[in-house]
Amino acid sequence: MAETLYLITLFPLLGFLINGLVGRWLSEKQSGFIASLAVLGSFLVSAQLLLAFLALPAEERLLTQTLFSWIHVGDLNIQVGYRFDPLSAVMTLVVSGVGLLIHIYSIGYMRGDPGVRRYFSFLNLFTFMMLNLVLADNLVLMFLGWEGVGLCSYLLIGFWFEDEAKARAGMKAFIINRIGDAGFIVAMILLYHQFGTLSISEIAQAAPGAQIGRGFFTAATLLMFLGAMGKSAQIPLHVWLPDAMAGPTPVSALIHAATMVTAGVYLIARNSVLFSLAPATMSTVAAIGIITAFFAATIAITQNDIKKVLAYSTISQLGYMFTAVGVGAFSAGMFHLMTHAFFKGLLFLGVGSVIHGLKGEQDLGKMGGLKERLPTTHWTMLVGVLAIAGIPGLSGFFSKEEILWAAFSRDFSWIWLMGVITAGLTAFYMFRLLFRAFYGKAAWEGAHQPHESPSVMTIPLVLLAFLSILGGYVGIPEALGGINQFHHFLEPVLAVYPGVGATAQYPSQGLELLLMGVSTVVVLGGVYYAYRVYVQQPTLADDLAQRLGFLHRLSFNKYFVDEAYHLLIVRPFQALAEGLWKWFDIKVVDGAVNGSGHAITMISGAIRRVQSGLIQHYASIILLGVIFILIYLYIG
Amino acid sequence: MVVPLYHILAFSGLLFTIGVVGVLFRRNAIIVFMSVEIMLNAVNLAFVAFSRYHGNVNGQVFVFFIMTLAAAEVAVGLAIIISLYRNLRTSDISEIRLMKY
């Protein structure tokens with residue numbers, strides 16, 4: 001069974017090579033077809049492995065395959081090996097499944113673009129790298145995937161690189177990710193220094209019994225978390241994700257919503273043993289997670305660019321996932337990761353369909369009344385919005401409630417409170433988006449003729465809508481009469497984190513139901529408020545903006561974080577660079593180079609006079625030489 | 001009466017020094033050339049003296065070689081000087097600076 005493991009990554013690699021090398025001889029349709037087929041292959045293989053898993057008892061659910069030895073230097077032996085266990089199974093299924101739908105959707109979305117073959121080869125390369133990341137058995141291979149997806153993210157954000165702003169957005173994403181990756185590398189070095197291995201499973205085995213101080217684990221995990229913050233756009237490294245919306249919308253759906261940005265959460269879940277040995281890191285993760293969730297949500301409520309709203313929403317939802325893993329509920333984080341991949345993938349594709357219908361228009365203020373023109377998009381988007389808002393019965397409800405309950409039951413009631421407020425905000429801004437795009441007065445009349453997208457785009461939407469509804473039913477909490485299969489499926493590979501204090505209590509199911517009720521009421525309040533402001537009294541929005549002047553400006557300008565970075569980091573750096581250029585480079589470096597040239601000219605100008613052309617001069621010098629040699633011999 | 005080796009060597013050194021000074025300081029190419037010959041003969045003299053002193057004929061054999069060489073050298077050297085004079089109308093080597101930088 002394990003022998004087929006390599007096929008999961010092989011198919012997208014082949015797809016990438018075909019489209020990348022011989023793409024120019026393929027028609028647009030063939031190119032998209034090959035790319036989708038490659039991901040379908042990965043999906044089928046991993047689905048087959050998962051089905052085989054479900055038939056096995058929990059403790060036997062592990063497949064490993066070592067392909068070859070990659071780096072072998074001294075004691076260091078890095079092997080390219082894959083590890084398929086419940087955790088990577090979930091990720092593989094999400095990546096290849098959602099990825100497949102987005103590949104198919106892209107066939108329609110990218111039709112007519114001159115770079116479509118390049119697009120599909122990048123998309124396949126991304127899938128290959130992402131699958132390497134999730135299947136990797138050791139940290140170095142994981143890092144390869146980690147950097148690979150970062151590269152593909154850069155390539156695809158700047159896909160339309162003729163537009164300088166888009167090319168710059170790609171660079172911004174790449175550079176900010178570097179900050180986090182530096183932490184990841186240092187963490188790897190620390191771990192190797194301590195354990196003499198970089199295999200994830202070997203470290204997880206050695207760590208709990210090792211005689212090592214708490215400080216080491218705190219340092220290593222904090223550095224690793226820095227990497228996760230960069231990749232998963234957590235405050236304060238979140239600024240690249242909104243700019244990443246410059247890429248084609250299916251890319252935003254696949255890379256910047258469903259898969260790559262969740263790699264940070266996966267990293268923590270994968271190394272849950274290490275993280276649970278570092279309570280200080282865990283608390284930091286939880287705190288940064290919930291702060292990110294809250295602040296990103298407050299930004300999302302005022303944005304007018306439809307993709308920016310979703311970008312901040314993604315940051316906010318990633319914050320929830322980090323909160324979950326931070327309080328020790330690793331499976332809840334993974335659960336939300338999965339449902340988020342479904343509904344956020346759906347929302348991005350839906351928004352892509354809207355943008356497609358409006359010939360590239362992204363401003364919410366120029367939409368409205370699209371409900372009749374784009375019926376399928378509207379209905380599927382409605383499902384996605386309900387799911388992300390956490391309306392009972394849809395996937396988002398189950399995963400979000402599990403996180404909130406995990407926080408509350410582990411004595412983090414302030415996190416619970418912020419989580420509930422964020423849920424209300426989420427409901428508000430998502431319904432705001434829905435109402436402003438699909439209801440009310442049409443602002444596009446005269447400029448556009450909106451049309452429904454072709455079925456190659458709407459079918460993935462419908463499938464994702466079903467997943468957004470049904471995806472939550474694998475993890476129905478016990479309080480609602482379920483058995484939470486998802487949690488029990490992942491349980492064997494995740495660490496048990498006892499919590500900061502030993503007093504962590506697990507209150508009754510009645511309380512859990514009560515808290516669910518509270519957050520549902522808050523969510524419905526958010527929905528109602530959005531309805532009031534954007535449907536009943538459309539003028540109310542401007543009134544509110546006026547009355548809340550300062551707060552509105554703060555949110556609308558994203559807390560001026562970009563400006564602050566610009567002022568505090570970018571500008572001084574540019575000034576420093578310019579100083580170094582004008583002073584150090586021109587005066588010192590160029591001076592040294594030109595100076596050595598001048599010096600040589602001067603010295604040779606003096607020395608060449610020796611060559612007078614007079615034989616007698618030469619003869620005198622020979623004589624002097626002879627005399628010196630004689631003196632030397634005589635003295636010596 | 002046997003002339004001691006020391007005297008002959010001193011004479012040879014004197015001749016060689018005269019030759020060196022002539023080569024270094026005279027301007028006329030022909031005199032420079034003659035000075036070179038003096039140096040050669042100073043060396044010849046030393047060879048002969050050592051040959052006698054050690055009772056070894058090798059030194060005298062060398063002298064014959066050097067004289068042969070000197071004859072050939074004179075033939076080539078004088079030809080060069082004449083050719084220079086024809087081209088430059090001078091035999092003053094301070095004015096012949098074709099190899100100057």
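The values are calculated or read from the model by the stated rules, or taken from the named source; none is laboratory data. Computed from a prediction, not measured in an experiment: that's the story for all the values here. Virtual Cβ from ideal backbone geometry, glycine too; neighbours counted across all protein chains shown.
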Going by what's in this entry, would residue A:614 be described as within 14 Å of another protein chain (Cβ to nearest Cβ) and surrounded by 10 or more Cβ atoms within 10 Å (Cβ to Cβ)? yes
For the stretch A:178-190, name all the residues that are closer than 29 Å to residue A:256 by Cβ, in contact with a Leu (Cβ under 8 Å, 6 or more places away or on another chain) and of a type outside the set (Phe, Trp, Tyr). A:179, A:180, A:182, A:183, A:186, A:187, A:188
Out of the residues in the stretch B:76-93 that are surrounded by 11 or more Cβ atoms within 10 Å (Cβ to Cβ), under 22 Å from the mean Cα position of the chain (by Cα) and hydroxyl-bearing (Ser, Thr, Tyr), state the one that is nearest to residue B:29 (Cα to Cα). B:91
Pairs returned, first residue in the stretch B:15-26 that is of a type in the set (Lys, Arg), second residue that is assigned to a helix (DSSP H, G or I), beta-carbon separation under 7 angstrom, 6 or more apart or interchain, are B:26/B:32; B:26/B:35
Residue identified as β-branched (Val, Ile, Thr) and not in a loop (DSSP other than H, G, I, E, B) among A:302, A:298: A:298
Sole residue being modelled with pLDDT of 85 or more and crowded, with 16+ Cβ neighbours inside 10 Å, chosen from A:21, A:17, A:67, A:51: A:17
Taking the stretch A:517-575 and keeping residues outside any helix (DSSP H, G or I) and not polar (S, T, N, Q) leaves A:538, A:548
Kindly evaluate residue A:604 against the criterion of being within 14 Å of chain B (Cβ to nearest Cβ), surrounded by 10 or more Cβ atoms within 10 Å (Cβ to Cβ), in contact with a Leu (Cβ under 7 Å, 6 or more places away or on another chain) and among the hydroxyl-bearing types (Ser, Thr, Tyr). no
Across the stretch A:138-194, which residue is farthest from residue A:212 (Cα to Cα) among those that are among the hydroxyl-bearing types (Ser, Thr, Tyr) and touching a residue at least 24 places away in the same chain (Cβ under 8 Å)? A:153
From the list A:580, A:633, A:623, which residue is surrounded by 13 or more Cβ atoms within 10 Å (Cβ to Cβ), at pLDDT 90 or above and either part of a helix (DSSP H, G or I) or within 14 Å of another protein chain (Cβ to nearest Cβ) (or both)? A:623
Within the stretch A:552-576, which residues are free of Cβ contacts under 8 Å to residues at least 40 places away in the same chain and among the basic types (Lys, Arg)? A:553, A:571
Residues that are over 23 Å from residue A:369 (Cα atoms), out of contact with any Asp or Glu (no Cβ under 7 Å at 6 or more places or on another chain) and of a type in the set (Gly, Ala, Ser), drawn from the stretch A:434-483: A:468, A:471, A:472, A:481, A:482
Checklist (1) surrounded by fewer than 17 Cβ atoms within 10 Å (Cβ to Cβ); (2) more than 30 Å from residue B:3 (Cβ to Cβ) applied to residue B:96, failing item: (1)
Kindly list, by first and then second residue, each pair from a residue in the stretch B:29-56 that is closer than 18 Å to residue B:80 by Cβ and within 14 Å of chain A (Cβ to nearest Cβ) to a residue that is outside any helix (DSSP H, G or I) and among the polar types (S, T, N, Q), limited to pairs with Cβ atoms under 7 Å and residues at least 6 apart or on different chains. B:29/B:91; B:30/B:91
In the stretch A:296-314, which residues are buried (at least 24 other Cβ atoms within 10 Å of the Cβ) and farther than 17 Å from residue A:351 by Cα? A:296, A:297, A:299
